[in-house]
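> My questions all concern the structure below.
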Amino acid sequence: MTRVLVLNSGSSSVKYRLFDGTRTLAKGLIERIGESGGDAADHREALQKIMSETDVEGLAAVGHRVVHGGSDFTEPTVVDDGVVARIDSLTPLAPLHNPAAVTGLEVARKLLPDVPQVAVFDTAFHATIPPEGVTWAIDAELAAKWQIRRYGFHGTSHAYVARRTAEILGKPLEDTNVITLHLGNGASATAVRGGRSVATSMGLSPLDGLVMGTRSGAIDPTVIFHLHRVAGLSIDEIESSLTRHGGLLGLCGDNDMRVVEDRVEAGDPVATRAFAVYLRRLRECVGAYLAVLGRVDAITFTAGVGEHSPTVRSGSLSGLEPLGIEIDPARNEAGDEIISTDGSRTKVLVVATEEELEIANQARTALGLA
Ligand code: ADP
């Protein structure tokens, strides 16, 4: 019983991957659910398709990615009716993401009633951040009443990458301090001390922190009041602007980092400014986490941009030699596992993230199978 099916149900897509141990037996993506010409009419049909195309015999578990676990869920959780209801009740905190996960859970439980279902939360890894790292200086009663605090996301990725970093360095995880930089369409940074998250850049939602493909990252909240009162935008319009028309897209009209880099290369001033804003925010965040951790063994880049863009890696860490951080240009260009110089006190790594594998492993652990 080593087979685990991992389901990642998004608002309009379901990604799946079938593992036997760490080996991938099958994987796929059902896209544009509910759209004309899409792969499925709804999530039920999408999951039925996945089950019929995949050998679900002898499954030990189904692991579900759930974006928001609120303050309730700090560990992977075996799913029953109560758990589904609690995840559903967190929908106000993640209106785009949690309903899809709930549908995925409900349908999978119906289709595979004898297989344990485990919910693995993006937020859970950050449950170890101390109170001062998750509390905003706002009216404490309001914050408590409405569950307003930093939760953090991309937890399975940061957890996996921090562990891999310790393995690559040949150090015990408990003694390894890492800044993990997950730079994909969404992007977040985490300070990890001894395998535990102690600071992260995303907040109540995945909108906070770094500049992303289409999300603004952190801004002065007054921008929102100003856009509402002075520019006359509704709250929904502002949310859409900051989440879907912000970030690199808002700055230069392109959200794909490859395209932005090509434009920078060609001397395009608008893309050059956007790229500089992206790097500046990243650099500021790294600086903050160096101060949080004190001793940093490694800074690790992961996800689409982090794994594939030497320019982003060098652009965000250049000039930090006085702090003991020195990238080797040839290793960086080649995308080696370790891209810092041999003399660099803090190592700089590139690690391919494996969120689905981490979810499968956590699902097994939750069931006492690993
Ligand atoms: P998601 O966050 O949706 O999982 P990924 O982690 O796959 O996304 O990251 C997608 C991003 O990675 C895109 O912005 C894409 O442009 C960027 N990317 C992929 N390959 C490269 C590359 N060779 N150079 C720069 N950016 C890249």
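Just so you know, all these numbers are worked out from the coordinates, no wet-lab data involved. Here the structure is a predicted model, which means the values were calculated and not measured. Cβ placement follows ideal geometry from the backbone for every residue including glycine, while neighbour counts extend to all protein chains displayed.
> Show that you can apply the helix-only estimate: for the chain, add -39,500 (n - 2.57) for every DSSP H stretch of four or more residues, divide by all residues, and state [θ] at 222 nm to the nearest 500.
That comes out to -12000 deg cm²/dmol.
> Taking the chain as a Gaussian network, Cα atoms linked when under 10 Å apart, which of D236, D20, D88 shows the biggest mean-square fluctuation?
Most flexible of the set in this elastic network: D236.
> Also: Which percentage, to the nearest 5, of the DSSP beta bridges contained in the chain is antiparallel?
60 percent
> Further, regarding this structure: So which residue, out of G247, G203, G34, gets the largest mean-square fluctuation from a GNM of the chain using Cα contacts under 10 Å as springs?
Answer for the Gaussian network model of the chain: G34.
> Among M257, M212, M51, what is the fewest-to-most ranking by other Cβ atoms within 10 Å?
M51, M257, M212
> When a/c reaches 1.5 or more, the comparison of a/b and b/c decides; with that in mind, is segment 292-370 rounded, prolate or oblate per its Cα gyration tensor?
Note, shape of segment 292-370 comes out prolate.
> Also, I was wondering about something else. Quick check: Cα centre of segment 178-212 to Cα centre of segment 331-359, how many Å?
Rounded to whole Å, the Cα centres lie 17 Å apart.
> Under unit Cβ charges (Lys, Arg +1; Asp, Glu -1), what dipole magnitude, rounded to 20 debye, does segment 248-293 have relative to its Cα centre?
240 debye
> Let me ask you something else. Would you list C252, C285 from fewest to most Cβ contacts within 10 Å?
Listed from fewest to most nearby Cβ atoms, that is C252, C285.
> Right, next: For the residues L112, L183, what sequence is obtained by ranking on other C-beta atoms within 10 Å, fewest first?
L112, L183
> How far is it, in nm, from the label point at R86 to the one at E132 when both lie 7 Å from their Cα along the line to the Cβ?
For the pair R86/E132, the computed spacing is 3.0 nm.
> I need the helices of the chain that pass two filters: whole DSSP H segments spanning 27 Å or more by Cα along the axis, and mean Kyte-Doolittle score no lower than 0.0.
269-293
> Another question, then. If the elastic network links every pair of Cα atoms under 10 Å, which of T165, T77, T300 fluctuates the most in the Gaussian network model of the chain?
Looking only at T165, T77, T300, the biggest GNM fluctuation is shown by T77.
> How long is the gain from L111 to D336 if the chain were fully straight, where each residue apart is worth 0.36 nm and the alpha carbon distance is subtracted?
76.7 nm
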